[in-house]
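Engineer: Following this message is one structure expressed as structure tokens.
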Amino acid sequence: MKIVVIQGPNLNMLGVREQNIYGPMKLEQIHAQMKDVATQNGVEIEFFQSNLEGEIVDKVQECYGDAQGIIINAAAYTHTSIAIRDAISAVSIPTIEVHISNIHRREEFRKENMLAPVCASSIVGFGPFGYHLAMMGMLQILNELKAAQEAHQKAQEEAQA
Ligand code: DQA
């Protein structure tokens with residue numbers, strides 16, 4: 001099982017940008033914690049960050065046939081990108097979106113969310129801990145997926161016997 005973590009524009013600036021909103025933690029530290037959780041649970045994990053919308057679309061498409069779960073913080077593109085939304089919809093891979101800040105308590109333009117309707121879940125406002133919660137949620141989704149696949153296989157084997 002493989003999870004791909006996709007980080008959008010300006011998240012490479014975590015630890016520097018608006019610390020009063022996003023806190024002091026750097027992206028590498030967040031990823032190190034997620035990697036630990038993945039390793040403990042025997043799951044492969046890959047990290048990707050881009051400031052470019054098209055590269056994020058490409059990365060979501062690359063997940064098709066390669067990953068079983070996506071965790072994405074599309075950052076500002078969350079509020080504008082029909083292209084990223086369509087890519088998530090196209091690949092049909094369970095996706096959890098994360099926002100470090102509570103986007104509902106901020107400027108009006110952050111209340112628009114193009115991605116939430118095509119995601120399994122949205123986690124907002126927990127700071128970097130939101131990524132840990134997303135990992136927990138994704139592991140649960142993957143366990144359910146695995147159990148459903150095993151049940152399906154067993155039923156097929158029984159039908160053939
Ligand atoms: C963000 C919220 C977005 O509105 C903003 O553009 C970001 C970060 C968050 O994690 O809180 O860059 O996605």
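Engineer: Consider Arg105 carefully, then state whether it is surrounded by 14 or more Cβ atoms within 10 Å (Cβ to Cβ) and out of contact with any strand residue (DSSP E or B) (no Cβ under 8 Å at 6 or more places or on another chain).
Structural biologist: no
Engineer: What pairs can you find where one residue is in segment 94-107 and touching a residue at least 60 places away in the same chain (Cβ under 8 Å) and under 12 Å from Leu133 (Cβ atoms), the other is within 9 Å of the ligand (Cβ to nearest atom) and part of a helix (DSSP H, G or I), and their Cβ atoms are less than 8 Å apart, with a gap of 6+ or different chains?
Structural biologist: Ile100/Ile21; Ile100/Tyr22; Ile100/Gly130
Engineer: Next question, about the same structure. Considering only residues of segment 17-43 that are more than 13 Å from the ligand (Cβ to nearest atom) and aliphatic (A, V, I, L, M), which is farthest from Gln149 (Cα to Cα)?
Structural biologist: Only one residue tops the list, namely Ala32.
Engineer: Let me ask something else. Select from segment 44-103 the residues that are of a type outside the set (A, V, I, L, M, F, W, C), more than 23 Å from Gly23 (Cα to Cα), within 16 Å of the ligand (Cβ to nearest atom) and assigned to a strand (DSSP E or B) and list them in ascending order.
Structural biologist: Scanning segment 44-103 gives a single hit, Thr95.
Engineer: Condition test on Glu107, is it within 10 Å of the ligand (Cβ to nearest atom) and either modelled with pLDDT under 95 or among the acidic types (Asp, Glu) (or both)?
Structural biologist: In short, yes.
The values are calculated or read from the model by the stated rules, or taken from the named source; none is laboratory data. What you see is a predicted model; the values in this text were computed from it and never measured. Glycine also receives a Cβ, built like all others from the backbone with ideal geometry; neighbour counts cover every protein chain displayed.
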